[in-house]
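Accompanying notes for the structure given below.
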Amino acid sequence: MTPAAAAWQPTRPVEFIVPAGTGGGADQMARTLQGIVTKYNLMKQPLVVINKSGGAGGEGFLDLKTAANNPHKIIITLSNLFTTPLATGIPFTWKDLTPVAMLALDEFVLWVNADKPYKTAKDFVEAVKAAPPGSIKIGGTGSKQEDQIITVALEKATGTKLTYIPYKGGGEVAVQLVGNHVDATVNNPIEAVAQWRGGKVRPLCVFDGKPMDYSESVADGQAWKDVPTCKSQGLDIEYLMLRGIFMGPKATPDQVAYYIDLINKVRDTPEWKDFMKSGAFNTTFMTDPDYAKWVETEDKRHETLMREAGFLAQGN
């Protein structure tokens, strides 16, 4: 442990807030991290995961915003860090919090039901263009958030109208696709990998600038690295989602250092490496100031995306 990290330690249980529902990518990552901390006794105090998904995660963000000088609360963020304030107008921005570290970036994959004839993203795009406007249904988590932003981008790329159907979480989205209640989803890998292994869904492309970096077979003799980029399939869309940790306002450098040290210990475990592999995560890791610069850039990009999609609350 570094001298800075040794200067402060939690003196009571730490709340680990998930500004999203149970079963989704952020919830799974938070509970994996909590499990590793518990297994290896990395903290002297308990780390308690609490879901605060109300108001598209605004409940969780506002809770932490009001927790100035309280280092016993941390939050795992996803892109609703940017989208929720823009869509709802709640009095919150990421600058109200203290950046700690980027844990990873989560990929988005275009999924279809395995019973459908589409074998490539090009097949799907041709079907979308041939279908009556609005007849193709895309399932996703929440409204005016990542999944719907990507759906709007798909509409622009294909020049047609899609019907977006919001659900509570990525787990439910995957079930709806298996049941053929929607025609496609843009779920994170970890949210649909079980259904892919079970032969129920098929990945068509990944919304990243490069293929995913995992070569072990997952299903049908295919690995994550075999899923082509959407760009290579003629869909010029790139979108990665933040999985990062923030503290409340006025966190001190030694408090931040404690959590960075804790995260680094977690990242060194085989369980975390297996989790990164199973979820096909982009394992980019950052701390301040690089992390804050990255978040600042993404905040501006989301404002542009949300404005173009017509998702901004009045006054934003």
Practice task
Only one of these is among the acidic types (Asp, Glu), buried (at least 16 other Cβ atoms within 10 Å of the Cβ) and modelled with pLDDT of 95 or more: 268, 254, 290. Name it.
Solution key: 254
Handout entry: Residue count for the stretch 187-201, restricted to those that are crowded, with 24+ Cβ neighbours inside 10 Å and more than 19 Å from the chain's Cα centre (by Cα)
Key = 1
Exercise for the section: Could you check, for the stretch 229-245, whether at least one of its residues is farther than 25 Å from residue 82 by Cβ, crowded, with 16+ Cβ neighbours inside 10 Å and touching a residue at least 40 places away in the same chain (Cβ under 8 Å)? Expected result: yes
Exercise for the section: Within the stretch 165-186, track down each residue that is more than 25 Å from residue 281 (Cβ to Cβ) and buried (at least 20 other Cβ atoms within 10 Å of the Cβ). Expected result: 183
Problem - Selection count, the stretch 9-19, where residues are touching a strand residue (DSSP E or B) at 6+ places or on another chain (Cβ under 9 Å) and part of a loop (DSSP other than H, G, I, E, B) - result: 3
Practice task
Given the conditions (1) farther than 19 Å from residue 98 by Cα; (2) out of contact with any strand residue (DSSP E or B) (no Cβ under 9 Å at 6 or more places or on another chain); (3) not small (Gly, Ala, Ser), report the number of the one that residue 69 does not fulfil.
Solution key: (1)
Practice task
Determine, yes or no, whether residue 82 is among the aromatic types (Phe, Trp, Tyr) and surrounded by 22 or more Cβ atoms within 10 Å (Cβ to Cβ).
Solution key: yes
Handout entry: Among (1) without any contact (Cβ under 8 Å) to a residue 24 or more places away in the chain; (2) in a loop (DSSP other than H, G, I, E, B), the one test that residue 182 misses
Key = (1)
Problem - Options 110, 105: the member that is surrounded by fewer than 20 Cβ atoms within 10 Å (Cβ to Cβ) and either closer than 15 Å to residue 241 by Cα or of a type in the set (Lys, Arg) (or both) - result: 105
Handout entry: Residues satisfying the stated conditions in the stretch 302-316, i.e. surrounded by 13 or more Cβ atoms within 10 Å (Cβ to Cβ), more than 16 Å from the chain's Cα centre (by Cα) and not polar (S, T, N, Q)
Key = 303, 305, 306, 308, 309, 311, 312, 313
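Residues checked against (1) outside any loop (DSSP other than H, G, I, E, B); (2) at pLDDT 95 or above; (3) assigned by TED's automatic domain parsing to the domain that holds residue 265; (4) among the basic types (Lys, Arg):
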site: 21; (1), (2), (3), (4): no, no, yes, no
site: 32; (1), (2), (3), (4): yes, yes, yes, no
site: 36; (1), (2), (3), (4): yes, yes, yes, no
site: 43; (1), (2), (3), (4): no, yes, yes, no
site: 50; (1), (2), (3), (4): yes, yes, yes, no
site: 53; (1), (2), (3), (4): no, no, yes, no
site: 61; (1), (2), (3), (4): yes, yes, yes, no
site: 75; (1), (2), (3), (4): yes, yes, yes, no
site: 92; (1), (2), (3), (4): no, yes, yes, no
Problem - Residue in the stretch 118-135 that is out of contact with any Lys or Arg (no Cβ under 7 Å at 6 or more places or on another chain), hydroxyl-bearing (Ser, Thr, Tyr) and closer than 17 Å to residue 162 by Cβ present - result: yes
Handout entry: Sole residue being aliphatic (A, V, I, L, M), modelled with pLDDT of 95 or more and assigned to a helix (DSSP H, G or I), chosen from 150, 165
Key = 150
Problem - Flag for residue 201 being closer than 23 Å to residue 33 by Cβ and among the β-branched types (Val, Ile, Thr) - result: no
Exercise for the section: Among the residues of the stretch 113-146, write down those that are touching a residue at least 40 places away in the same chain (Cβ under 8 Å), crowded, with 18+ Cβ neighbours inside 10 Å and part of a helix (DSSP H, G or I). Expected result: 121, 124, 125, 146
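The values are calculated or read from the model by the stated rules, or taken from the named source; none is laboratory data. These numbers come from a predicted model, not from an experiment. Methodologically, a virtual Cβ is constructed for each residue, glycine included, from the backbone with ideal geometry; neighbour enumeration extends over all protein chains shown.
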